[in-house]
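A short write-up of the structure that comes next.
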Amino acid sequence: MGERLDAIQQETVGRVPGFGAMEVLQGDRASLEDLGTAIGTVAPGGKRLVVLRHAEKLREEPQKGLVELLGSVPAGTTVAILAESPDLRRSLFASLRDRTERLEIGSSRDPAGTRRELVALVGRRARALGLRLSSEAAEAIADHVGNEPGRIVRELEKLSLRWGDAAVGPREALDGIGGARALTAFALEGALRERRIGRAIVEMRSLFAQGERPEMVVGALAGEVRSLLRARALLDSGLDEESAKRAFGGGRGWFVVPRARNWMRSELEAALAALSRIDVASKTGAPAVEARIERWLVGLARAGGAR
């Protein structure tokens, strides 16, 4: 989030803001009067950035008042609202959720919740455009684009122009967004989910041949293992497959839960732990990371054969 805020500052008031061009408020200390003054003040240069940190800590009165203030932000003023754990049941965040063009979702404490909100954003925007997007395609778009709602909206608009009222599945969606590399990543995740390790190795090598960075491949694999682990935990809790799909949430559960039966919870936990060590290696410049990922996949194949 820090990098994104830096980018917003650069786009609005510049790296070194002029006098009165930028103001930072803290949610645990800001009153409604503070918010009104900060947002209503016009900078001498015409451009102004108001940053509200820890918005989840706002008291109820300033939180409700902020919703009204956001409806009359002066021209030239940008308001950036940051929250570590946004509660979408509260008035402020419930209002922002529907302002998709102004909302960037981010939470370091609840990545699963962040992902659900991104998938929901994809679904709402697709319906508004009349785009017949499958639930699997919505999941794939959220995973591939990540926490960039502005880009999600642009990509959906391009898909709408390209496909019209035709049905759009994950392959069509990813082909339009990321081309061959996105399709290969999608195939890698699917092969891992289905425990087709040989195919996963082929797709992984293809990704590297296309220039993908090792840490991106590790991230894709880790995301799939985490999904399988969550699905496996639901099944181990005693839920039947249909109940586990519903509890998983989103369209992804409908194809992850059945595949989780191919895995034991203990081996998924061990696989995720091993992958976290590879992730550290990939981000610290350790040599032969690609070979380590391939050995990790081979190890999964051996574990499957020994079951």
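The values are calculated or read from the model by the stated rules, or taken from the named source; none is laboratory data. Note that the structure is predicted; figures quoted are calculated from it, not measured. Positions of Cβ are generated from backbone atoms using ideal geometry, with glycine treated the same way; all protein chains shown enter the neighbour counts.
Here are some notes:
Residue-wise test of (1) touching a Ser or Thr at 6+ places or on another chain (Cβ under 9 Å); (2) surrounded by 19 or more Cβ atoms within 10 Å (Cβ to Cβ); (3) over 24 Å from residue 169 (Cα atoms); (4) of a type in the set (Val, Ile, Thr).
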{"site": "226", "(1), (2), (3), (4)": "no, no, no, no"}
{"site": "234", "(1), (2), (3), (4)": "yes, yes, yes, no"}
{"site": "239", "(1), (2), (3), (4)": "no, no, yes, no"}
{"site": "243", "(1), (2), (3), (4)": "no, no, yes, no"}
{"site": "265", "(1), (2), (3), (4)": "no, no, yes, no"}
{"site": "288", "(1), (2), (3), (4)": "no, no, yes, no"}
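- Extreme residue, nearest to residue 291 (Cα to Cα), among residues of region 223-242 that are among the charged types (D, E, K, R) and outside any loop (DSSP other than H, G, I, E, B): 224
Rundown of residues vs (1) closer than 29 Å to residue 123 by Cα; (2) touching a residue at least 40 places away in the same chain (Cβ under 8 Å), yes/no style:
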{"position": "232", "(1), (2)": "yes, no"}
{"position": "236", "(1), (2)": "no, no"}
{"position": "246", "(1), (2)": "yes, no"}
{"position": "254", "(1), (2)": "yes, yes"}
{"position": "273", "(1), (2)": "no, no"}
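- Verdict on residue 52 being within 17 Å of residue 5 (Cβ to Cβ), under 25 Å from the mean Cα position of the chain (by Cα) and either polar (S, T, N, Q) or surrounded by 18 or more Cβ atoms within 10 Å (Cβ to Cβ) (or both): yes
- Matching residues, region 243-262, being outside any helix (DSSP H, G or I) and more than 25 Å from residue 144 (Cβ to Cβ): 261
- From the list 115, 90, the lone residue that is modelled with pLDDT under 85 and surrounded by 18 or more Cβ atoms within 10 Å (Cβ to Cβ) is 115.
- Pairs with Cβ under 6 Å, 6+ apart, first in region 155-178 and assigned by TED's automatic domain parsing to the domain that holds residue 142, second among the hydroxyl-bearing types (Ser, Thr, Tyr) and in a helix (DSSP H, G or I): none
- Count of residues meeting criterion [surrounded by fewer than 16 Cβ atoms within 10 Å (Cβ to Cβ) and under 17 Å from residue 225 (Cβ atoms)] in region 248-263: 2
- Residues that are touching a helix residue (DSSP H, G or I) at 6+ places or on another chain (Cβ under 6 Å) and either at pLDDT below 80 or outside the structural domain of residue 71 (by TED's automatic domain parsing) (or both), drawn from region 1-52: none
The rows are residues; the columns are (1) part of a helix (DSSP H, G or I); (2) of a type in the set (Ser, Thr, Tyr); (3) surrounded by fewer than 20 Cβ atoms within 10 Å (Cβ to Cβ).
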{"residue": "175", "(1), (2), (3)": "yes, no, yes"}
{"residue": "184", "(1), (2), (3)": "yes, yes, no"}
{"residue": "192", "(1), (2), (3)": "yes, no, no"}
{"residue": "200", "(1), (2), (3)": "yes, no, no"}
{"residue": "205", "(1), (2), (3)": "yes, no, yes"}
{"residue": "221", "(1), (2), (3)": "yes, no, no"}
